[in-house]
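These notes concern the structure reproduced below.
The values are calculated or read from the model by the stated rules, or taken from the named source; none is laboratory data. The structure displayed is predicted, hence computed values, not measured ones. With ideal geometry, Cβ positions are generated from the backbone for all residues, glycine too; neighbour counts draw on all protein chains shown.
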Amino acid sequence: MAELLVAGSFAFDTIHTPTVNRELILGGSGSHAAFGASFFAPVVAVGVVGEDWRMADSEMFQAHNIDVSNLELRKGGKTMFWEAVYSEDMNQRETLVFEANVMIDFHPVLNDRAKRCPYLFLANNAPSLMMEVIDQCTDAKLIVADTMNFYIENMLDDLKKLLTKVDGLILNDSEAVELTGCDDLFDAGDAIRAMGPRFVIIKKGSHGSLFMGEDGEIVVFPAYPTRKVLEPTGAGDCFAGAFMGYLASQDAATLDDIKRAMLYATVSASLTIEDFSFDALRRSTRDTIDARYQQMKEMLAVK
Ligand code: AMP
């Protein structure tokens, strides 16, 4: 079992779905990824929050095997805030407000435990900030990053530099298209690999996920067939966190490990979307995840 560092945003989200509005709930790419990973391996969270941060959220993380000693609490600052509205079918969302707040001038200073983590997941965040994390880590074996439209549109040069430093990139289908200009996802995957990462995982929402690796390796999985989609925020981050958490727990990343990690990622993400914020995940245990994992394994077995 190895430790996983998860750096990302720790935020408050206000979310509007066609039926429910929820204000200032716990969100952030780092929060969702760290929580998703912590079912599998010990997690060291790296990020920054403001004076308005709720200590109960840090306590929830700590109770879930997440070390928060690298989560800087900035006196006088405000936690990142994001507000979004989902479309009627919940497949599209629009960002209404994004306030980076304390993240604007954040420069992480890692403690020894964080520096020595062999597995690194860099959840959605400014690419320059991800580089600052990578530069401090001394024992990294596997570095994987996520990115999103905001950084592709506003920080492309930094993102391209980052891509030369990571082993893997995880992103949405629309982001892969935007980053590469390729409409075909296989072409987009090739183009991303040509930018640096050895492998790429393209998340396709309710259509599952696609892995493309070295030597033409391709793995595809459908999404877990949940019929209860209440609120999808954080599913992508939870997917990536669980993927990396499982690899850290095995301390290995062969193609077989990657396939199992993708299946664990798929079922963990399915739990996130069944309620708001962390409500469904915090009710879940590793047994809940394992039960869905077995169910999917059986579903996919062709005899
Ligand atoms: P996902 O639904 O997996 O794409 O992740 C949504 C989470 O990302 C929300 O909880 C937001 O707080 C967070 N988020 C939204 N925009 C950004 C951004 N520009 N940088 C970092 N995190 C963000």
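Considering only region 142-160, I want to know if a residue exists there that is among the hydroxyl-bearing types (Ser, Thr, Tyr) and either more than 10 Å from the ligand (Cβ to nearest atom) or on the phi > 0 side of the Ramachandran plot (or both).
If we filter region 142-160 for residues that are among the hydroxyl-bearing types (Ser, Thr, Tyr), which is where we start, we get 147, 151.
Those still in the list that are either more than 10 Å from the ligand (Cβ to nearest atom) or on the phi > 0 side of the Ramachandran plot (or both) too: none.
Taking every residue of region 142-160 in turn, none turns out to be among the hydroxyl-bearing types (Ser, Thr, Tyr) and either more than 10 Å from the ligand (Cβ to nearest atom) or on the phi > 0 side of the Ramachandran plot (or both).
Within region 74-84, is there a residue that is under 22 Å from MET148 (Cβ atoms), small (Gly, Ala, Ser), modelled with pLDDT of 95 or more and more than 16 Å from the chain's Cα centre (by Cα)? Outline the logic, then answer.
So the first thing to find is which residues in region 74-84 are under 22 Å from MET148 (Cβ atoms), and the list is 78-84.
Filter once more, so that each one left must be small (Gly, Ala, Ser): 84.
In the following step, the residues that additionally are modelled with pLDDT of 95 or more were identified as 84.
Of the ones still in play, those that are also more than 16 Å from the chain's Cα centre (by Cα) are 84.
Checked region 74-84: at least one residue is under 22 Å from MET148 (Cβ atoms), small (Gly, Ala, Ser), modelled with pLDDT of 95 or more and more than 16 Å from the chain's Cα centre (by Cα).
Being farther than 20 Å from LEU171 by Cα, under 20 Å from the mean Cα position of the chain (by Cα) and either within 16 Å of the ligand (Cβ to nearest atom) or modelled with pLDDT of 95 or more (or both) narrows it down to one residue among LEU96, LEU71; which is it? Please lay out each step first, then the result.
On the way: LEU96 fails: under 20 Å from the mean Cα position of the chain (by Cα).
Going through LEU96, LEU71 in turn, the sole match is LEU71.
I'm trying to understand the selection: among the residues of region 119-139, which are in contact with a strand residue (DSSP E or B) (Cβ under 9 Å, 6 or more places away or on another chain) and within 13 Å of the ligand (Cβ to nearest atom)?
PHE121, LEU122, ALA123, ASN124, ASN125, PRO127, LEU129, MET130
Check off (1) within 30 Å of THR14 (Cα to Cα); (2) out of contact with any helix residue (DSSP H, G or I) (no Cβ under 8 Å at 6 or more places or on another chain) for ALA280 and give me the number that stays unchecked.
(2)
Inspect region 231-244 for any residue being more than 29 Å from THR19 (Cα to Cα) and away from the ligand (no atom under 16 Å from the Cβ) and give the result as yes or no.
Scanning region 231-244 turns up no residue that is more than 29 Å from THR19 (Cα to Cα) and away from the ligand (no atom under 16 Å from the Cβ).
Give the residues of region 5-20 that are of a type in the set (Val, Ile, Thr), outside any strand (DSSP E or B) and either modelled with pLDDT of 95 or more or surrounded by fewer than 20 Cβ atoms within 10 Å (Cβ to Cβ) (or both), sorted by residue number.
Our first condition is that a residue be of a type in the set (Val, Ile, Thr); within region 5-20, this holds for 6, 14-15, 17, 19-20.
Keeping just the survivors that are outside any strand (DSSP E or B) gives 17, 19-20.
Of everything in region 5-20, those that are of a type in the set (Val, Ile, Thr), outside any strand (DSSP E or B) and either modelled with pLDDT of 95 or more or surrounded by fewer than 20 Cβ atoms within 10 Å (Cβ to Cβ) (or both) turn out to be THR19, VAL20.
Does SER206 satisfy the condition of being surrounded by fewer than 22 Cβ atoms within 10 Å (Cβ to Cβ), of a type in the set (Gly, Ala, Ser) and not in a loop (DSSP other than H, G, I, E, B)? Outline the logic, then answer.
Details: surrounded by fewer than 22 Cβ atoms within 10 Å (Cβ to Cβ): yes; of a type in the set (Gly, Ala, Ser): yes; not in a loop (DSSP other than H, G, I, E, B): yes.
Yes; evaluated as a whole, the condition is true for this residue.
To keep it simple, each residue is scored yes or no on (1) of a type in the set (S, T, N, Q); (2) touching a residue at least 24 places away in the same chain (Cβ under 8 Å); (3) buried (at least 20 other Cβ atoms within 10 Å of the Cβ).
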| site | (1), (2), (3) |
| --- | --- |
| VAL229 | no, yes, no |
| ALA242 | no, yes, yes |
| LEU255 | no, yes, no |
| ILE273 | no, yes, yes |
| ASP279 | no, no, no |
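Which of the residues that make up region 135-147 are closer than 16 Å to MET195 by Cβ and free of Cβ contacts under 8 Å to residues at least 60 places away in the same chain?
Pass one, region 135-147, residues closer than 16 Å to MET195 by Cβ: 143-147.
Answer for region 135-147, where residues must be closer than 16 Å to MET195 by Cβ and free of Cβ contacts under 8 Å to residues at least 60 places away in the same chain: ILE143, ALA145, THR147.
What are the residues in region 23-44 that are more than 14 Å from the ligand (Cβ to nearest atom) and closer than 23 Å to MET131 by Cβ, if any?
VAL43, VAL44
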